[in-house]
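The values are calculated or read from the model by the stated rules, or taken from the named source; none is laboratory data. Just so you know, these numbers come straight off a predicted model, no measurement behind them. We place every Cβ from the backbone using ideal geometry, glycine too, and count neighbours over all the protein chains shown. Ligands, DNA and RNA are excluded from the accessible area calculation, which covers all protein heavy atoms including side chains. Shrake-Rupley method; radii C 1.70, N 1.55, O 1.52, S 1.80 Å.
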Amino acid sequence: MAPLGRTDLDVFPLCLGANVFGWTADEPQSFAVLDAYLAAGGNFVDTANSYLVEHGRSETIIGRWLAERGTRDEIVLATKVGGGRGAVRNLRPDNIEREARASLERLGTDRIDLYYAHFDDEDTPLEESLRAFDALVRAGTVRHLGASNYTPERLTAALELQREHGLAEFTVLQPHYNLVERDFERTLLPVAEAWDLAVLPYYGLAKGFLTGKYRPGGTDVESARAESARAYLDAGGEAVLEALDEVAAAHGATVAAVALAWLRAQPRVVAPIASARTTEQLEQILPAATLELSPDEVDRLSGAAATAA
């Protein structure tokens, strides 16, 4: 386990993304993945009120699994508010409070371990949103707060307001970050460094591209993300795959595990987030939690990605 920044949480170094639950993984498949993840020592599950086809579907599946298995106290549970479509995609105080209650009900729990502002809401005064999050922490229904999809300027403004007014602070940042998409390093990483934020990257496998299943001249892959994943090849991703293949062969590991291990080796990163719709896919990524790359291997991968970019 690894300490999650300034929180009092200890988490498995690979967070299980639940965005596929109720989408490409039905309930029995989702239960099987959760069972296998827990059996492997995993304890950190990331979902959102907006996932995915049906509002709250992922949370509902997780809640049923927690109830049937009696595993709530074994799991660090993260969910979000302010994503999705329509009226719920905002951070107005009434929406934050209402959606938090709805998430608790779907998850069948009395507390959320980590609650994210999923997307920034520039139409709502920042202080109003932050006070609503603070109220949830003070009530004990939320233990810790995180932010996702903020600009560096807005995130800094939020952190300054929280510190100035003695409000519960964002201690975790969930950014879009992977080996082939590295804008985070020049935009949000300096904020994370300055404010001592733990980083949990999403899209750690670049929509499946960094699993290695999309190759030049390769066979078509049936996936909801196939078209967007293949686009990385056109952006020079073949060089990245070559470097991943080399490092994976040296460790007897999968390409996906190496890509996630590279993320784990980056500053501030505690646990990359990755999803699996089957137990076979989960087996491909689980070794990332313990795979340690040498400095030369990290540099080899980083250099290949920089060349591709």
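Observations
- Between 0 and 90°, nearest 10: helix 255-264 axis offset from the chain longest Cα axis: 50 degrees
- For the chain, the longest principal axis of the alpha carbon atoms and the long axis of helix 295-308 meet at an angle near 90°.
- Charge sum, other residues only, whose C-beta stays under 11 Å from Gln162's C-beta, Lys/Arg counted +1 and Asp/Glu -1: -3
- Nearest 10 degrees, 0 to 90: helix 152-165 Cα axis against the chain principal axis: 40 degrees
- Anisotropy class assigned to the range 1-57 is oblate, per the alpha carbon gyration tensor with a/c at or over the 1.5 cut-off and a/b no larger than b/c.
- Cα lying deepest toward the dipole's positive end in the chain, options His165, Ala194, His251, charges on Cβ: His165
- Per-residue Karplus couplings for the range 19-31, computed as 6.51 cos²θ - 1.76 cosθ + 1.60 with θ equal to phi - 60°, are listed in order as 5, 8, 5, x, 10, 8, 10, 6, 4, x, 5, 5, 4 Hz, Gly and Pro entered as x.
- Those GluC sites (Glu not before Pro) in the range 249-309 that DSSP places in a loop and that have at most 16 other beta carbons within 10 Å: Glu292
- Dipole check for the chain: with +1 at the C-beta of Lys and Arg, -1 at the C-beta of Asp and Glu, and the Cα centre as origin, the magnitude is about 420 Debye.
- Overall Cα dimensions of the range 4-144 - principal axes, largest extent first, Å: 43, 33, 23
- With every protein chain in place, the chain: carbon and sulfur % of accessible area (1.4 Å): 48 percent
- Look at the Cα gyration tensor of the chain: its axes a ≥ b ≥ c give a/c of at least 1.5 with a/b over b/c, and that counts as prolate.
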